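To keep things clear, I will list the structure first and then write my remarks on it.
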2 protein chains.
Amino acid sequence: MSRAVVLGAAGFIGRRAARALAQRGLEVIGLGHGDWAGSAPADWGLARWQAGDIGLETLDALVGDADVDVYLHCAGGSAVGASYAAPLTDFHRSVSTTAALLEHVRRRGRGRVVLASSAAVYGDQGDVDLTETSVRSPMSPYGFHKQAAEQVGDSYARFFGVDVGVVRLFSVYGEGLRKQLLWDAANKLMRGETGFFGTGHELRDWIHVDDAATLLAAVATTPSGRFDVYNGGHVHASTRQVLGTLAQALDLPLVPAFNGEAHSGNPRRLTADCSHARRQLGWTPTVALADGLRRYARWFLQAHGSAA
Amino acid sequence: MSRAVVLGAAGFIGRRAARALAQRGLEVIGLGHGDWAGSAPADWGLARWQAGDIGLETLDALVGDADVDVYLHCAGGSAVGASYAAPLTDFHRSVSTTAALLEHVRRRGRGRVVLASSAAVYGDQGDVDLTETSVRSPMSPYGFHKQAAEQVGDSYARFFGVDVGVVRLFSVYGEGLRKQLLWDAANKLMRGETGFFGTGHELRDWIHVDDAATLLAAVATTPSGRFDVYNGGHVHASTRQVLGTLAQALDLPLVPAFNGEAHSGNPRRLTADCSHARRQLGWTPTVALADGLRRYARWFLQAHGSAA
């Protein structure tokens, strides 16, 4: 049986990725911080869970003499806003932990490393679907730190032969996500508020967290012997479309309105060309946006009800 | 009186930069590790020297309530070879310490940060003099880590208004340097060995450490209010020229010979266009290559004599 270590396995994406790896027959060990929110690590496919900081010593102690085939890093920074509020923390989460993981694997001489990165490394590039070779021009500390983490991975692949895959996730959403646009919008809509910042025409590539998890698992279980990068997106949709569909899914007779102000720091368009993952891995996302938003709304109403 | 903190003030470049700042009238506090090799911190212009690791807590404790105008970071990785032998150590020296310094300055809301970076961020770009806007394509872990450190600086400048200058030093040499090409070559030549790796036609931009120090001091004392980058080089010369001149300066009747093998990882040409520093700062390097090599040879013969 193959074995995987998932860093950040208690997180929104990490727990789904852990389960996707377990479903592929891997024994999964989880490491990181986090609140299991009423569920247990075993519910998410973890054979073992270790709470702790991610560092070289922790990893060496966790793994011991075991053979590990895959290390999946889902413990990096996860929010643009937090990277402004506490940039050094975001740096450590995204960059320092990645360097420690790569060094652990270099010294062992075994194991593929997969980094959950972000479309934030691209920044604003106008009216195109981004490919993995598009210019990177991040627009936040979060994006800069993801870029730096990728580059340290590139360096370890190039100079030490570490097998490194990167997945640049676009707008990941799904049940359990208690931050970012959908969470904030659902809360506002439930209060009867319909006014939102922006133009409503901001175009994003939305991907349900279950599809993000199957992509991460596919990249993790497909060694490349080099540094390879995959975009992870699914459906192009504007903020106006998404929030309109969300309001319907919440069964609210509301139409979101936008104040028309474009934000600097908020690209007008951030959409992916995902043909590389489809061709190379045979990966196919399966959760349609309307279905995903319905699932999100159903979960939100339950969470909202139990919080009230 | 203005005040400066020099990180890595005991190092080959750091001590000269500290002295150059002191000569400009700044009170200089040094932090880092290192062997003062028979001299004292005060000999190099330091009002105070604190031995220790560089981190957020150390910096906060060192600076206390004092006003600091300039932080000069000369404590990063200093050798390509070491970055292959111990990449995580090189990462911490170049990248983690830079992130900690930038965060310290962000929280204080005061002070210019100057990073001693390297031409290694450029990599091999063919037959041109590199400008500060040339593509970066590092060819070693050392170069990747310098690039990542610069990018974290760019991020703190862009999103938090920290005043950040970067100096990309080319081939810095001078009295006291006990590693790299000149040290190895001088030792070989003294043993009567004349065979060297490479073609001898590798072109580099040689700059004496005294000129590197005046450039660092000029950048440190010229706030820009943004992220600005300066190349630091002086004289284009081939390895054949430099080692031939070194043999003469050592008074050895030897002519270096080359095995003709080009190394991957060793750019054929790495030369600087330094017009930005000359124009913007009025900086002028003053140590001619032949004079610098004579000074190096004189120091080497004394060091060699006292070691024998």
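Every read-out reported here was derived from the displayed coordinates using simple, explicitly stated rules and does not represent laboratory data. All of these numbers come straight from a predicted model, not from anything done at the bench. We place every Cβ from the backbone using ideal geometry, glycine too, and count neighbours over all the protein chains shown.
In chain B, the longest principal axis of the Cα atoms and the axis of helix B:289-307 are about 90 degrees apart.
Summing Cβ point charges (Lys, Arg +1; Asp, Glu -1) relative to the Cα centre of chain A gives a dipole of roughly 220 debye.
Backbone amide hydrogens, once placed in the peptide plane, bring A:V114 within less than 5 Å of A:Y71, A:L72, A:H73, A:G165, excluding anything fewer than 5 places away on its chain. Largest GNM mean-square fluctuation across B:A85, B:A272, B:A120, computed for chain B with C-alpha springs under 10 Å, falls on B:A85. Karplus-based coupling profile of the range A:121-129, in residue order and whole Hz: 5, 7, x, 8, 10, x, 8, 9, 7, with θ = phi - 60° in 6.51 cos²θ - 1.76 cosθ + 1.60 and x standing for Gly or Pro.
Per the rotation superposing chains A and B, the chain A residue found at the smallest beta carbon distance from the axis is A:A148, 2, distance in Å. If you find the alpha carbon centre of the range B:39-110 and of the range A:50-68, how far apart are they in angstrom? About 29 Å separates the Cα centre of the range B:39-110 from the one of the range A:50-68. The residues neighbouring A:S224, those whose beta-carbon lies less than 10 Å from its own, together hold a net charge of 0 under the Lys/Arg +1, Asp/Glu -1 convention. Database remark: amide H of B:L169 closer than 5 angstrom to the amide H of B:S117, B:S118, B:A119, B:G232 (H placed geometrically; neighbours at sequence offset of 5 or more, or on other chains; Pro and chain starts carry no H).
Position B:G25: other-copy label points at 7.6 nm, ordered by increasing distance, label point 7 Å along Cα→C-beta.
Magnitude of the charge dipole for the range B:65-156, about its Cα centre and with charges confined to Cβ atoms of Lys, Arg (+1) and Asp, Glu (-1), is about 360 debye. Remark: C-alpha extents of the range A:47-174 on the principal axes read 50, 31, 27 Å, sorted largest to smallest. What's the percent breakdown of Cα-Cα distances in the range A:75-138 across 10 Å bins, shortest bin first? Over the range A:75-138, the share of Cα pairs per 10 Å bin runs 18, 38, 33, 11, 1 percent. For chain A, modelled as a GNM with alpha-carbon contacts under 10 angstrom, which of A:S78, A:S96, A:S155 fluctuates the most? Of A:S78, A:S96, A:S155, the most mobile in the Gaussian network model is A:S155.
Starting from the label point of B:T194 at 7 Å along Cα→Cβ, the same points in the other copies fall at 9.0 nm, in ascending order.
For the range B:219-308, the Kirkwood hydrodynamic radius from C-alpha pairs, put into Stokes-Einstein at 4 °C and a viscosity of 1.567 mPa s, yields a diffusion coefficient of 79 µm² per second. Largest GNM mean-square fluctuation among B:R112, B:R269, B:R295, using chain B with Cα springs under 10 Å: B:R295. Remark: C-alpha extents of the range B:10-75 on the principal axes read 29, 25, 16 Å, sorted largest to smallest. Of interest is the spacing of the C-alpha centroids, which for the range A:189-208 and the range A:257-285 amounts to 15 Å.
Extents of the protein assembly as shown, taken as max minus min of Cα coordinates on every principal axis and listed largest first, are 88, 55, 42 Å. Sequence-distant contacts, meaning Cα pairs under 8 Å at least 6 residues apart, place the relative contact order of the range A:23-140 at 22 percent. With its label point put 7 Å out from Cα toward Cβ, B:A42 sits 7.0 nm from the same residue's point in the other copies, in order from shortest. With point charges of +1 on the Cβ of Lys and Arg and -1 on the Cβ of Asp and Glu, referenced to the Cα centre of the range B:62-162, which listed residue (B:S155, B:G143, B:A119) lies farthest in the positive direction of the dipole? It is B:S155. Counting only DSSP beta bridges with both residues in the range B:129-275, the antiparallel share comes to about 20 percent. The 3J(HN,Hα) values that the Karplus relation (6.51, -1.76, 1.60; θ = phi - 60°) gives for the range B:243-249 are, in residue order, 6, x, 5, 5, 4, 4, 5 Hz. Gly and Pro appear as x. Ordered by the count of other Cβ atoms within 10 Å of each Cβ, fewest first, A:E193, A:E132 give A:E193, A:E132. Between amide H atoms placed 1.01 Å from N, distances below 5 Å from A:F196 occur with A:A257, A:F258, A:N259, all of them 5 or more places distant or on a separate chain.
Placing +1 on the Cβ of every Lys and Arg and -1 on the Cβ of every Asp and Glu, with nothing else charged, gives the protein assembly as shown a dipole about its Cα centre of roughly 80 debye. Working from Cα pairs under 8 Å separated by at least six residues, relative contact order for chain B is 18 percent.
Helix content alone sets the calculated 222 nm mean residue ellipticity of the protein assembly as shown: runs of n ≥ 4 DSSP H residues at -39500 (n - 2.57) each, divided across all residues, give -12000 deg cm²/dmol.
For the range B:89-101, putting each phi into the Karplus relation 6.51 cos²θ - 1.76 cosθ + 1.60 with θ = phi - 60° gives couplings of 4, 5, 4, 4, 4, 8, 9, 4, 5, 5, 4, 5, 4 Hz, in residue order, rounded to whole numbers and with x for Gly and Pro. Normalised size of the range B:122-218, defined as Cα radius of gyration per 2.2 N^0.38 Å with N residues, equals 1.34.
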